[in-house]
Each structure stands twice: as structure tokens, then as C-alpha cells.
There are 2 protein chains.
Amino acid sequence: MKVEEALSVLKKEGYKYTDKREVMLTFFSHENRYRTAKDLLKHMEPNFEGISFDTIYRNLHLFDQLEILESTELNGEKHFRMRCDHHHHHHFICKNCGITKEIHQCPMDDIQDELKGFMIDDHKFEIYGMCPSCQVEAPMY
Amino acid sequence: MKVEEALSVLKKEGYKYTDKREVMLTFFSHENRYRTAKDLLKHMEPNFEGISFDTIYRNLHLFDQLEILESTELNGEKHFRMRCDHHHHHHFICKNCGITKEIHQCPMDDIQDELKGFMIDDHKFEIYGMCPSCQVEAPMY
DNA sequence: TTGTAAATAAGAACAATTCCGTTTTAATTG
DNA sequence: CAATTAAAACGGAATTGTTCTTATTTACAA
């Protein structure tokens, strides 16, 4: 998803434009990987001295809820990335840098009768490891 | 995994037998679902007044590391359950009570070429929702 | 231009988890 | 059986990630 598109989602839903929001969205749009609230804070601080945790978290959750970002939990810390807007898929995630690679295959396709009577409202399929370039830079972690 | 089996793993690995450890393991062996550190603490307190967080967490991690328990992260809180010792599988997890149902199908089986060059060391496939009995007791959550 | 709902700051509060110095205890050894 | 010792547990403080609260500021519609 592009920044302009995200901004128009905000506008359409009645949320206000702020320069902080634009910078946040730009940050994510430039990265093809999962980043934490702390990463975002570090990126914001030079430009917005004294920006509060609250602003960071409130907006991350807003973006997540508006499906501008997608999120996952890794080592007890929430990670966010710009939502991929093409069809449903999953991710390989590099434990080192957070970069992702799409997996165009969903295990739910093959699950029908196994869960009769169970109400399904979500699922998670993620593969963890190290991407090629991190294997070079940091052979062990 | 049974309690006796878990205790023998401990012994084999050179860890000591303590009554607290036995009670912890018995707790998990009686439950077919994911429980939190807090759940375990609540269960321990009546019998072991003043038991410390440290004891709970240290042992949970020890058991996890010895593959006596398996763990997953749900809403920012680690959850543990006795490890299923038959062949590799995944779980449906009830968001309400933590009960699990095995899914005997692993999406990794169909992934070969997609991740050439990526080092894979883990994966997670979980389905979330509500089990039949929770649907009756608590139609909405 | 002004009113108001939304956004933010600043820091307190919170919840889950880990750390640390000390004491106790299970299992080993003399 | 006593002495030893390494592991385990205690008790509470510290840390980390996140949320809440109150007051203040700001975007933007009327």
C-alpha cells in the first residue's frame, strides 16, 4: 500500500491529517519488512522531538485496525509492516532484520472437515529463519 | 507426555527433583490446553505459599527448552501446554479457554523451491477461534 | 473565525517477565 | 551418616513493552 492510498483511507474514515501520521506511513512504505514501535519511535524522534509513546502506539493500532498495516508478534514485541494489498498470503520472516518474503500458499485451503463445529476467525502461518543477506552478514545469532 | 516421563527427562538431564516441579508438571498433564504463567501461579499458590515468579518462569522455560512443554504467544502473553509427543502437527486454539485441537497437516510439506537461499529454522501454523463448548457458554467475546 | 472533536504530550500506571543477592535443599561424596 | 556443593527457590527490585489519564494543542468543518 502506498502512502497516498493510506492517507486517503484515513480521510475517508474521518481521521485527521497530521504530519506525524504522514511520516509514520512514509517510514513503513519505504520498508519491506516488520518493524517495532521502538524502531518507529527512533525514526520519528530526530524530526519530532518529544514525541510520546502514546502517539506511536495509538497510530500503530489505528493503522492496524484500518488495515493499512499488518502486525505480528515476535519475541513478545509487536511488529508492523505496510499491508500487502494483493491477494491473501503468508510470510517468511527473517528473525534478524524482519524482512519478509511472500508465501503464496495458504494451509487453510486444505482444511475443511477437520474443524466441524469450531468457529474459525483467524489463522497464522509464518516461517522464521534468516534471509540470504543476513546469513552473510551475521552467520550466527 | 506423562508426568513420570517428564520427571525422567529432568533426571536424565541432571536436574533435581522437587515437589514444586512435580506439581507443575501434574498441572499441565491434567490440561489439554494452553495455560499462562499466571494460571500456573494461581494453581501453585494454595499449596506453596510465597512461591516466587522466578520459580514459575525459570521452570516453564526449562520445561520448554527440554521439550516437555510447548509454547506459543497469544495477546502478548506466553502460553504453555504439555507437549504432544506423537508426530509433528499444529493446533486450532480456542481464544476463550485455550483448548486445542490437533491439525494433522503441515503446510511446510508443500514448500520447497519458494524459499531457496533462505535458512528456515522454525514455523508456526495456528488457527484461532472458539471451540464448540465455548460457543455455547459465551456466544460473544 | 470560531467551535469542537481529534490528536498529542508527559508521565504515571500496568502487566509480563527477568534479574540479583541470599538462603535453602537435593543429591553426591568422604 | 555427615559434610559438601551445585542447583533451586525466595523475595523483591528492575526492566520492558504497552496502555491510561489529564491537560493542552491542532485540524478542519460550519
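Read-outs throughout are calculated quantities, based only on the coordinates presented, and are distinct from any laboratory measurement. This is a predicted model, so every value here is computed, not measured. Using ideal geometry, Cβ is built from the backbone for each residue, glycine included, and neighbour counts are taken over all protein chains shown.
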Exercise. Which whole number gives the average count of other chain Cβ atoms within 10 Å of the Cβ atoms across peptide A:113-123?
Worked result: 6
Seminar exercise, completed: Diffusion coefficient in µm²/s returned for chain B by Stokes-Einstein, Kirkwood Rh over C-alpha pairs, 10 °C and 1.306 mPa s, is 94 µm²/s
Problem set entry | Relative contact order (%) - criterion: Cα under 8 Å, at least six apart; region: chain A | 21 percent
Exercise. Could you give the angle, 0 to 90 degrees to the nearest 10, between helix B:3-12's Cα long axis and the longest principal axis of the Cα atoms of chain B?
Worked result: 80 degrees
Problem set entry | Dmax and Rg, reported as Rg then Dmax, of the range B:3-82 (C-alpha, Å) | 11.8, 35
Exercise. By residue number, which cysteines of chain A lack any other Cys whose Cβ falls under 4.7 Å from their Cβ?
Worked result: A:CYS84, A:CYS97, A:CYS106, A:CYS134
Exercise. How many percent of DSSP beta bridges within the range A:18-141 run antiparallel, rounded to 5?
Worked result: 75 percent
For this session: Calculate one ³J(HN,Hα) per residue across the range B:108-116 by plugging θ = phi - 60° into the Karplus curve 6.51 cos²θ - 1.76 cosθ + 1.60, and present them in order as whole Hz with x for glycine and proline.
Result: 5, 4, 9, 10, 10, 6, 3, 10, 4
Exercise. Of the listed peptides B:11-23, B:120-132, what is their order by residue-averaged count of other C-beta atoms within 10 Å, with the highest listed first?
Worked result: B:120-132, B:11-23
Exercise. Taking each residue of B:105-111 in turn, how many C-beta atoms of other protein chains fall within 10 Å of its C-beta, and what is the average?
Worked result: 4
Exercise. Rounded to the nearest 0.05, what FRET efficiency is calculated for B:GLN135 and A:LYS124 with R0 set to 22 Å and r the Cβ-Cβ distance?
Worked result: 0.55
Exercise. Non-local amide H neighbours of A:LEU69 (under 5 Å, H modeled in plane, Pro and chain starts lacking H): which ones?
Worked result: A:ASP64, A:ARG83
Problem set entry | B:TYR15-B:LYS78 FRET efficiency (beta carbon distance; Förster radius 30 Å; 0.05 resolution) | 0.90
Exercise. Going by alpha carbons, how many degrees (0 to 90, nearest 10) lie between the helix axis of B:53-65 and the longest principal axis of chain B?
Worked result: 50 degrees
Exercise. Alpha carbon centre of the range B:89-113 versus the range A:76-141: separation in Å?
Worked result: 14 Å
Problem set entry | Translational diffusion coefficient (Stokes-Einstein; Kirkwood radius from C-alpha pairs) of the range A:90-137 at 20 °C, 1.002 mPa s, in µm²/s | 168 µm²/s
For this session: Tell me, rounded to the nearest percent, the portion of alpha carbon pairs in the protein assembly as shown spaced more than 22 Å apart.
Result: 67 percent
Exercise. Quick one: Cα centre-to-centre distance for the range B:1-57 and the range A:54-70, in angstrom?
Worked result: 38 Å
